[in-house]
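Some notes on the structure that comes next.
The values are calculated or read from the model by the stated rules, or taken from the named source; none is laboratory data. This one's a predicted model, so the numbers in the text were calculated from it and none came from an experiment. Cβ sites come from the backbone with ideal geometry, for glycine too, and all protein chains shown count toward neighbours. Note: accessible area is taken over every heavy atom of the protein model, side chains too, but ligands, DNA and RNA are not part of it. Shrake-Rupley method; radii C 1.70, N 1.55, O 1.52, S 1.80 Å.
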Amino acid sequence: MRIGAGLNLKSKGGQPAIFTGDRSLAMARRRGIRTTTAIFFFFFLSIVAVGTFSLAFSPLPSLTSHSPSRLSSKLVPKEKLLLDDKVNVQKFEIADDKFWKDEKPFQIIGGDLHYFRVLPEYWEDRLLKAKALGLNTIQTYVPWNLHEPKKGQLLFKGIADIVSFLKLCQKLDLLVMLRPGPYICAEWDLGGFPAWLLAKEPPLRLRSSDPAFLKLVESWWGTLFTLVAPLLYDNGGPIIMVQIENEFGSYGDDQDYLHYLVKLARGYLGNNTILYTTDGGARENLEKGTIRGDAVFSAVDFTTGDNPWPIFKLQKEFNAPGKSPPLSAEFYTGWLTHWGEKIATTDARSTAAALEEILSRNASAVLYMAHGGTNFGFYSGANTDANNESAYKPDLTSYDYDAPIKEFGDVDNAKFKELQKVISRYTKKSIPPLPADIGKMGYGRIKLHKTAFLLDILNTTNTIVAVKSESPNSMESVGQNSGIVLYASEYDPSPKGNYLSIPKVHDRGQVFILCPEKYPERRTYVGTIERWSNNDLYIPHTQCPSKVTLYILVENMGRVNYGAYIFDRKGILSSVYLDGKELNGWKMTPVPLPNLNDMLNFDHILPVLHSRIIQSFKHNSGNFTKEPAFYSGRFTIIKKDQVKDTFLSFRGWGKGIVFVNDFNLGRFWPSLGPQCNLYLPAPILKHGENTVVILELESASSELTITSVDQPDFTCGSSRIGGVRIASL
């Protein structure tokens, strides 16, 4: 989804009509209307745990090679029927302004459920609950960056095993609407694009007919479509429709780009597969984002409280005669939340009444979201205001979305019951029994101890290759896609102190100074420069007989996933100025923390690294605050039947990242809120000893404990970023 998705949030500057949370105005973000080496950290976790293209387009083929099969004997030559041994086996088509499944009219009652936001062990549980809600179709995005995190490194295992997910949908008698992008938005880092695209020179023009960009898309889709083509509905699989791009009308009007994607998809998926676009339900969005004619079906999305029927009438203008079954491809069951906002909620009865207004007149709808899930690892995205790149708003780790199936799978809530009641009146099949909620347990307080300061580790290991340059380089250009990069330079201190200015830092730079001759073991925290406020920072005078070392630890908090500023490189993206003069001579050190789809490998652990870290810790323990440090702890699950879902409470902590049994659970920031607890699914845990490693970037809890509890909590924080409420940006 995106902000305001087809909702006219961008143009109206409003919020969803039934929205009851304290949200940003317009959030100018999404949808047609919404506005080197990782080996170092793997060591540490082990230690603490103990071509060319033609853009000349011929006429595009129609949505289907023929009308519904009830008419096929009249419209398709007999010889064609004899040649195609799959004809009349399974067919999903559009005619008479209806969807047709196997010769019968079909109403799509679907829901978005993203396989990459749910552990594979829970896919079946969530899909069965979607069926119990009354859904007959699952819609899912495909994030390119999950499957190709590095150029040429293709991953389709574990949480990235899309083929197994699609086959499970089929096993459970659920159809699939596939959204392969290449841009997906989805509140996902860089809208699903791999970060390595941002390191290309000259810079790529994302979401355009730039030949260099299209060549990379061709390679990616060639891999993906080869895998999923056997699972198309006409081939006996569950995929009934495949989306082209995503809400492109809210972004641009490069028709060559859209036509190229259609041609490429047809080459792998054939002419019978229904391709579709989704755009916000305003004329301008549809003018830019749709492909006229009968080659691609144009779907719409809009604010949940809007009257759908004038928008469905507009939709017909952008489809061929008889080819416009009314479809809300994103019916919003809730909304996203950024750090610093109150948790978003929407009213259950109003949501259900809006859905009934669509279904009661035989229109189709896809719930966004049916089940939101979790932004594990470093994959949560961010937004900006429509005309202000600095008004940066990073998304929570939780992607609960106030959906009927909660982040942790529970369905005992008013929204699930109200929506199920409505859907049961229109579904053609009886609704199956509801699976029981998965058990949850609190394991109590977990004691942690400081293991090492982050900067000490970087200074004591030779496994990380630093990059040197006169000017700062972006995170992507030094081979770091996510997490943190350390920038270091030197300066001559002034008796009056110095003023530091960084015009463009993405997203948050913590500043430290060190006098290497006088205090070789002491780093002093000076302050933090943030993208959304970006004030000059005063550096106090230090009695240093020589040059002072300046450290700037820059954190990537999630790339923008919607709007004009999606080309969102991270790190320091401008010159750095000290007292108005450019500071040169930089060394950039990647901090390669493992992401969601990084596999840990302990086969090459260097014993010497352990002794270096321990020695560093002895020298520095207890000397400083506000310096990023690792903390580790263990807790034991005594009985096998006690391995259950839980939540880690970070109340009293500042900001950081947590790893449980080497799994990157995501970011925590209770000092800002609203999310206090991170969802920890049982499949990550194990019977016996479990290890927790925290990288705290600011200030650890004075008690050095976290707590495992049995429920979520979204009541933390000041609801402010840089002293300004995000909701009013």
Given (1) open to solvent by 10 Å² or more (accessible area, probe 1.4 Å); (2) hydrophobic (A, V, I, L, M, F, W, C); (3) assigned to a loop (DSSP other than H, G, I, E, B), index of the condition F376 fails: (1)
Residues of segment 79-101 classified as out of contact with any Phe, Trp or Tyr (no Cβ under 8 Å at 6 or more places or on another chain), assigned to a loop (DSSP other than H, G, I, E, B) and either modelled with pLDDT of 50 or more or open to solvent by 40 Å² or more (accessible area, probe 1.4 Å) (or both), total: 6
Among (1) more than 21 Å from the chain's Cα centre (by Cα); (2) assigned to a loop (DSSP other than H, G, I, E, B) - the single one N246 does not satisfy: (1)
Filter result for I464 (of a type in the set (A, V, I, L, M), closer than 30 Å to Q153 by Cα and crowded, with 18+ Cβ neighbours inside 10 Å): yes
Exclusive hit being on the phi > 0 side of the Ramachandran plot and assigned to a loop (DSSP other than H, G, I, E, B), set D437, D412, D402: D402
Residues of segment 335-366 that turn out to be open to solvent by less than 10 Å² (accessible area, probe 1.4 Å), assigned to a strand (DSSP E or B) and farther than 17 Å from F312 by Cα, as a count: 1
Residue match in segment 110-126 (condition: over 18 Å from S482 (Cβ atoms), in a loop (DSSP other than H, G, I, E, B) and touching a Leu at 6+ places or on another chain (Cβ under 7 Å)): no
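In this structure, does S482 turn out to be closer than 18 Å to N584 by Cβ and either in a strand (DSSP E or B) or of a type in the set (S, T, N, Q) (or both)?
On the way: closer than 18 Å to N584 by Cβ: no; either in a strand (DSSP E or B) or of a type in the set (S, T, N, Q) (or both): yes.
When the stated conditions are applied, S482 does not pass them.
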Output for segment 416-455, where each listed residue is of a type in the set (D, E, K, R) and over 28 Å from T707 (Cβ atoms): K417, E418, K421, R425, K428, K429
Cross-chain or 6+ apart pairs with Cβ under 9 Å, segment 90-112 first and over 14 Å from I274 (Cα atoms), then assigned to a strand (DSSP E or B) and open to solvent by 50 Å² or more (accessible area, probe 1.4 Å): D96/P105; P105/K98; F106/K98; Q107/K98
Subset tally (residues that are part of a strand (DSSP E or B) and touching a Pro at 6+ places or on another chain (Cβ under 8 Å)) for segment 657-689: 4
Tally of residues being part of a strand (DSSP E or B), more than 15 Å from L697 (Cα to Cα) and more than 31 Å from the chain's Cα centre (by Cα) across segment 502-525: 2
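Here's a check for you: in segment 396-444, which residue that is of a type in the set (F, W, Y) and open to solvent by less than 40 Å² (accessible area, probe 1.4 Å) is nearest to Y379 (Cα to Cα)?
Looking only at segment 396-444, we keep the residues that are of a type in the set (F, W, Y), and these are 399, 401, 408, 416, 426, 443.
From what's left, open to solvent by less than 40 Å² (accessible area, probe 1.4 Å): 399, 401, 408, 416.
Values: Y399: 11, Y401: 16, F408: 18, F416: 27 Å.
Among them, the one singled out is Y399.
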Conditions (1) under 22 Å from P590 (Cα atoms); (2) open to solvent by less than 10 Å² (accessible area, probe 1.4 Å); number of the one not met by N561: (1)
Options I138, I184; residue that is within 20 Å of T374 (Cα to Cα), assigned to a loop (DSSP other than H, G, I, E, B) and at pLDDT 95 or above: I184
